[in-house]
Each structure stands twice: as C-alpha cells, then as structure tokens.
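The values are calculated or read from the model by the stated rules, or taken from the named source; none is laboratory data. Being a predicted model, the structure only gives us computed values, none of them experimental. Using ideal geometry, Cβ is built from the backbone for each residue, glycine included, and neighbour counts are taken over all protein chains shown. For the accessible areas, the whole protein counts, side chains as well, though only heavy atoms, and no ligand, DNA or RNA atoms are used. Shrake-Rupley method; radii C 1.70, N 1.55, O 1.52, S 1.80 Å.
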Amino acid sequence: MSTAAAPLRFRIASRPDELVQVHRLNYRTFVEEIPQHAPNAERVLVDRFDAENTYVVCLRGEVVVGMISVRGSRPFSLDQKLPDLDAHLPPGRSACEIRLLSVDRAHRSGVVFRGLVERLARHCLRAGYDLAVISGTERQLRLYAHLGFVPFGPRVGEDGARFQPMYLTLETFRRHGRVFTRGEARRRAVSFLPGPVELAPEVRKALRAYPVSHRGAAFEAEVEEVKARLRALTGAPRVQLLLGSGTLANDVVAAQLSLLRAPGLVLSNGEFGERLLDHASRWRLRFEALREEWGGVFARERVEAALDASPGVRWLWAVHCETSTGVLNDLSILREVCAARGVLLSLDCISSLGTLPVDLGGIHLATGVSGKGLGAPPGVAMVFHDHEVDPAPARLPRYLDLGLYAAQGVPFTHSSNLVGALGAALAALPPPGERLRTTTADSAWLRRELRARGWRVVAPDEHASPAVITLALPSGLRVENVEARLEAAGYLLSCRSGYLRERNWLQVCLMGAYRRHRLASLLEVLDRLGRAAR
C-alpha cells in the first residue's frame, strides 16, 4: 500500500524516528509558516519543553502528518507570558498545557485535527487533568471557542504570531466535545463502588440466561442450592431469599423484632447504624440508642454498661461493617456481651458478607444482599436466622413475613436470572480466608500510600474493613468535582450518597472483581488531584 493510500493512525509518539519528524513538522509550522522562531540550516525545531512533552501524532503510513503536545509540569509557557496566570484560572484544578498543534498542509481537511484531539482527550482524561490551557492562534479562535475554550487575559506574541490565552474545563469539554470522546465512551469505566460491583464473566453469563418460572422445579432446585452455599459460607443454619434490596431485608428483621414485644438496644456509629434506628422507629419498636461518633468504635465497656442499665433489654441490633466510614464493628465483642446476658444479637452484614469470613452461628437474625462482596448483581435480599420462624399473618405484612418464606420457600414472584447470577457468583467466590488475605494486603498497601500522599483515611486501620476505604477530602477539593474527574479518567468511586457529599468524603471499595494494577493507576490519579488541591 502506498503512503498516500495508507489509513490515518493516531498514537502517542514513542519511536525516535517519530520524534525526529515531530521536530521537522514543528519547524515547518512555527518557523516557515508562523514566524515565531528564527530559521536554521537543519530545518529542525526542538521545543524547549521537549523532554516533558507528550506528543500525540497522526501517521499516514510511517509519516507524521499532524501533531499536538501536552505537559502538566509548571511553569507552563504561559506562565512566562502571564506572570499572574493562576489569577485567571478556576482554582483547585489539575491543569495541563496544550501546545504545538500542527497539521501538514496537505492534510488540513479536519479529519486529522479531530483525530488528534480525540486521542489527546483520552490521554488527558486518563492522566486526571480537569483543566487545559492553550495559546490559541488568532486564525483559529472560532474553532477553539466551538470546543468550549474560554479566552482570558491579553493577547501575547508579536505581529504575525499573536496568540490568545484560553482555558477549557473538564465540565465544558464534556458538554462541547462529544465528537472527540467516542473512543473514551467505548472504554468501560473501572468500578470501585460498593455496588454495583464488577461482575465476573460467569456471573454476566448467568444473568443473560433465558428466564424460567419461579414455580418450576428447576428454579426451586437452584434456590435450594444457593441457600446451601450461603449456609456453608456463613455457618447460619437457615436463610431466606427475597426479591429486593438490603433495606427490605432490614425491614424484615425489624418486623421479626416487633414480634418479641420486648425492648432492645440499637448501635449506631455511621449512616447505616442511623438507618437501623430509622427501621426501629418506623416499626415502633421499644429501644434505646447507643451512638458513637462517625469513624469511632464501640468499646466493650460502653456496650456492657448500656445493656446493664436496661435490665429488660431482650435484643441488640448493630451493623457489622459500617459502610459509610469503613469501620468494622467487633463481632466477637458483641457476641460475647450479648451471650453473657441472654440478649438476642441481630446484625446488618450487607457490606461484610463475602469480603471477609463472617460466622453467623448463634446470631438471631442477619441480613445480606446479592451485590457488594458476593459479586452478583443487586436485587436478591437475604435474611439469615438461627431459629425456626412461623408465619405471623395477624401481625405482619405478607411480603415482610419471614415465616412465610421459611414455610413456602418461594412464596412470591422471583427472578431466575438474579438467583442464577448469585449462584454463579457464590460458586466462583474464593474461600473467605483467601479473599481476606488478598483484600487485606491490597487495602493496607493503598491506605499506606494514600496517607503518604497526604490523604486522610477515616477509619483507624485496626478497626477497618479491608473492603471499604473512606477518604476525607482536603479543603481544596469538593467531592462533586472529584467525581467528574475520576469518572473522566475511567474510575467509578462512591461519593454520590448524601451523607458522603455532606462530609466531603470519597470511598474506594474493594468488593467486586477488581485488579491490583487498577488500584495503582487509580492511586496515580488521586495523587495528582491531591497535589493540585494542595
């Protein structure tokens, strides 16, 4: 194939011959066409920031026909032209400078320019930049304005080579630059959310299966197999599956506690402890609340004192892993304190199940979900119980009557796809001890590296779940802005919940099928954001 007929390719320049061509194209444009630099006999122009530049090039065959460069190191070239550059820019940004846009005269149809910008955008988004500055040549100001660039400050340069300083924010680029983000849209973001989590291939396959009736023998057998795997995983003697979320499961627990007709104690040291208090209040349970600050832990003596102060207390309800902060409440302490006093212990294990070994033997009631640590799609709620449960038609709504599920197995419409995906996830789940070792090592490494880079981790390490790392952002960063930058860089982190935004917190959750190298690249993006804020 001749060079003229070869397809255009866009890439980051890396080979020596490509860089030589970059310097020659730089000369043709910024010496011969735009008289910005003096001529030389070699007809080569090496940019003064060449060692720091990343060059995006367009190749026709092996010939460089277009280029553009970017660098994130200060001072920028614009710093030398505008000493008060930062006064013109939005604060708290991770900025880069884009320079040296050059397209060979024979290829100025627009195709090369669009390809260069698309490839450059992908690089900048992955690098975590959320602000770009340029010196826009006067002849292309309308084009830059169309892309969303905002002019600022006086024009710089000399007659024949005058430029307008301009900047572009990530938010504006996302509104104006859709044509340039087609490649980025095809790249699926990496999820470090608490849910939905990354799904293993066999789980996605089960989810796509043809649905079957919830009244069929095949579905009933699959439900029993899933229950058996859950009992083996937790040591609980019984478990029921419901179609719904963890909120539904906790409402079912509250309904069962209401049948005791006895006072209880609810523990709260975060958002999900507060939600247990809300469940208890809505069910009009008689209870006392024992609160600890968010990120704090319950001392054995404090729990004992609260129980001893109310001799009639029959039950205690607590969150095992407090997802909002990452604190892991000590199950052994709660179990021992309750057993010594004949108090029934109930637990919200929604964020601990699957991420670490959870022994539910002797636990009165406990809740879990199909998503999060179990690695399946959300939609299946589960309630574990250590005792026989009878239906309570005179006391409870049908859908919230745990005894009805215990008696009939599948009393209402269920999803064979969700149950099948849960079964596939449970079958693929590594042994709890093995997974705990891996997650603990990755979590410890990430926490250590984050602290070394100036980030504050909310939960103390000795009381932290390895699967939840909650970060308190520095004052120079707002969580809503960080979310957009991370998503643009290809990462989904938890920060949209109201309680996280209120506190300016961000979460990295290791609950799905993540890969260690993705953590390393995520750390690089967070590091750039933190340094920009400071």
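What the table shows:
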{"item": "Ranked order, SER443, SER475 - accessible area, probe 1.4 Å, largest first", "result": "SER475, SER443"}
{"item": "Dipole of the range 343-500, positive end: most advanced residue of VAL383, LEU492, LEU429 [Cβ charges, Cα centre]", "result": "LEU492"}
{"item": "Longest site-free stretch - the chain; sites: GluC sites (Glu not before Pro), DSSP loop, at most 16 other Cβ within 10 Å", "result": "63-292"}
{"item": "Solvent exposure, largest accessible area first (probe 1.4 Å, DNA, RNA and ligands not counted), of ARG456, ARG155", "result": "ARG456, ARG155"}
{"item": "Extreme residue, positive dipole direction of the chain, given options ALA318, GLN507, VAL63 (C-beta unit charges)", "result": "VAL63"}
{"item": "Helix 479-488 vs. the chain, principal-axis angle (Cα, 0 to 90°, nearest 10)", "result": "70 degrees"}
{"item": "Dipole in debye (nearest 20) - the chain, about Cα centre, beta carbon charges: Lys, Arg +1; Asp, Glu -1", "result": "1440 debye"}
{"item": "Electrostatic dipole magnitude of the range 82-122 [Cβ: Lys, Arg +1; Asp, Glu -1; Cα centre; debye, to 20]", "result": "300 debye"}
{"item": "Cα-based helix-to-principal-axis angle, 217-234 vs the chain, degrees rounded to 10", "result": "90 degrees"}
{"item": "Estimated D of the range 207-307 in µm² per second, where Rh is the Kirkwood radius over Cα pairs and Stokes-Einstein applies at 25 °C, 0.890 mPa s", "result": "148 µm²/s"}
{"item": "Label-reachable residues, the range 358-392, where backbone N falls under 15 Å from a point 7 Å from ARG518's Cα toward its Cβ", "result": "372-377"}
{"item": "Linear extension gain, ARG451 paired with LYS205, 0.36 nm per residue minus alpha-carbon span", "result": "84.6 nm"}
{"item": "Relative contact order for the range 265-407, counting Cα pairs under 8 Å that sit 6 or more residues apart, in percent", "result": "16 percent"}
{"item": "FRET efficiency, ASP159 to ASN40 (Cβ-Cβ, R0 30 Å, nearest 0.05)", "result": "0.85"}
{"item": "Accessible surface of the range 16-132 [probe 1.4 Å, protein heavy atoms]: carbon and sulfur percent", "result": "53 percent"}
{"item": "Sites ALA339 and GLU502, calculated FRET efficiency, Cβ-Cβ separation with R0 60 Å, nearest 0.05", "result": "0.95"}
{"item": "Rg/Rg_globular for the chain, with Rg_globular taken as 2.2 N^0.38 Å and Rg from C-alpha atoms", "result": "1.23"}
{"item": "Environment charge of VAL297, counting only residues whose C-beta is closer than 14 Å and scoring Lys/Arg +1, Asp/Glu -1", "result": "-4"}
{"item": "Value of [θ]222 nm, deg cm²/dmol, for the chain, DSSP H segments ≥ 4, -39500 (n - 2.57) each, nearest 500", "result": "-11000 deg cm²/dmol"}
{"item": "Cα centroid of the range 282-359 to Cα centroid of the range 478-519, whole Å", "result": "28 Å"}
{"item": "Cα gyration tensor category, rounded, prolate or oblate, for the range 1-87 with a/c compared to 1.5", "result": "prolate"}
{"item": "Residues ASP79 and GLU487, FRET efficiency given R0 of 25 Å [Cβ-Cβ distance, rounded to 0.05]", "result": "0.30"}
{"item": "Charge dipole magnitude, Cβ of K and R +1, D and E -1 - the range 349-507, Cα centre, debye nearest 20", "result": "660 debye"}
{"item": "Solvent-accessible area per residue for the chain (1.4 angstrom probe, square angstrom)", "result": "44 Å²"}
{"item": "Relative counts (whole %) of C-alpha pair distances in the range 389-534, using bins that are 10 Å wide", "result": "9, 30, 24, 19, 13, 4, 0"}
{"item": "Helix 516-533 vs. the chain, principal-axis angle (Cα, 0 to 90°, nearest 10)", "result": "70 degrees"}
{"item": "Apportionment of accessible area to carbon and sulfur, the range 416-534, percent (1.4 Å)", "result": "47 percent"}
{"item": "Inter-site label distance for GLU434 and ALA145 at 7 Å from Cα along Cβ, in nm", "result": "6.3 nm"}
{"item": "Carbon plus sulfur fraction of accessible area for the range 273-374, probe 1.4 Å, in percent", "result": "47 percent"}
{"item": "The range 286-382 - Rg over Rh from alpha carbon coordinates, Kirkwood radius", "result": "0.98"}
